[in-house]
Amino acid sequence: MAISFDRAADFYDNTRTLAPEVSERLTAEILRLGQATPDTTFFEPGIGTGRIALPIVERGYAYTGSIFQRR
C-alpha cells in the first residue's frame, strides 16, 4: 500500500519552515562546507518538499533529489 503525502506538503512546509535568515545561514554553510564551485552538483536522498534544496537551486547550483516510497 502506497501512501501519498501530496495533500500534507503545504501543511508540512507551513509548520516546519525555516525563518528566512536561518535558511540563508544554512544555505551559506552547506555551500561552504561542501566547498561548492559553479560545477558542484548536489544530491539529497529523501528530499521531501525541497526546503533545503530550493535556496541552493535558486543560487544556480545543479541539484538532484529522490523521494523514497514503500510498496
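The values are calculated or read from the model by the stated rules, or taken from the named source; none is laboratory data. Note that the structure is predicted; figures quoted are calculated from it, not measured. Here Cβ is always computed from backbone atoms with ideal geometry, including for glycine, and neighbour counts include all displayed protein chains.
Specify the residue that is surrounded by the most Cβ atoms within 10 Å (Cβ to Cβ); the eligible residues are those in segment 56-71 that are assigned to a loop (DSSP other than H, G, I, E, B) and modelled with pLDDT of 95 or more.
In the first step, residues of segment 56-71 are kept if they are assigned to a loop (DSSP other than H, G, I, E, B); the result is 59-61, 67-71.
Still in the running and modelled with pLDDT of 95 or more: 59-61.
Details: R59: 12, G60: 7, Y61: 20.
Checking each candidate, the answer is Y61.
Within segment 56-71, can you find the residues that are without any contact (Cβ under 8 Å) to a residue 24 or more places away in the chain and out of contact with any strand residue (DSSP E or B) (no Cβ under 8 Å at 6 or more places or on another chain)?
Within segment 56-71, the subset without any contact (Cβ under 8 Å) to a residue 24 or more places away in the chain is 57-58, 60, 62-68.
Correct list: E58, G60, I67.
Looking at segment 37-55 only, could you name the residues that are under 17 Å from A19 (Cβ atoms), of a type in the set (A, V, I, L, M) and either touching a residue at least 24 places away in the same chain (Cβ under 8 Å) or crowded, with 17+ Cβ neighbours inside 10 Å (or both)?
Within segment 37-55, just I52 meets the criteria.
Are any of the residues in segment 17-28 touching a Phe, Trp or Tyr at 6+ places or on another chain (Cβ under 8 Å), hydroxyl-bearing (S, T, Y) and surrounded by 13 or more Cβ atoms within 10 Å (Cβ to Cβ)?
So far as segment 17-28 goes, no, none of its residues is touching a Phe, Trp or Tyr at 6+ places or on another chain (Cβ under 8 Å), hydroxyl-bearing (S, T, Y) and surrounded by 13 or more Cβ atoms within 10 Å (Cβ to Cβ).
Among residues belonging to segment 1-27 that are among the hydrophobic types (A, V, I, L, M, F, W, C) and part of a helix (DSSP H, G or I), point out the one that is farthest from I67 (Cα to Cα).
Once the filter is applied, the top-ranked residue is V22.
In segment 18-69, what residues are touching a helix residue (DSSP H, G or I) at 6+ places or on another chain (Cβ under 7 Å) and polar (S, T, N, Q)?
S23, T27, T49
Take the residues in segment 1-16 that are of a type in the set (G, A, S) and touching a residue at least 24 places away in the same chain (Cβ under 8 Å); name whichever of them is surrounded by the fewest Cβ atoms within 10 Å (Cβ to Cβ).
A2
Could you run through segment 28-55 and say how many residues are assigned to a helix (DSSP H, G or I) and either of a type in the set (A, V, I, L, M, F, W, C) or within 16 Å of G65 (Cα to Cα) (or both)?
Going through segment 28-55 one residue at a time, the tally reaches 7.
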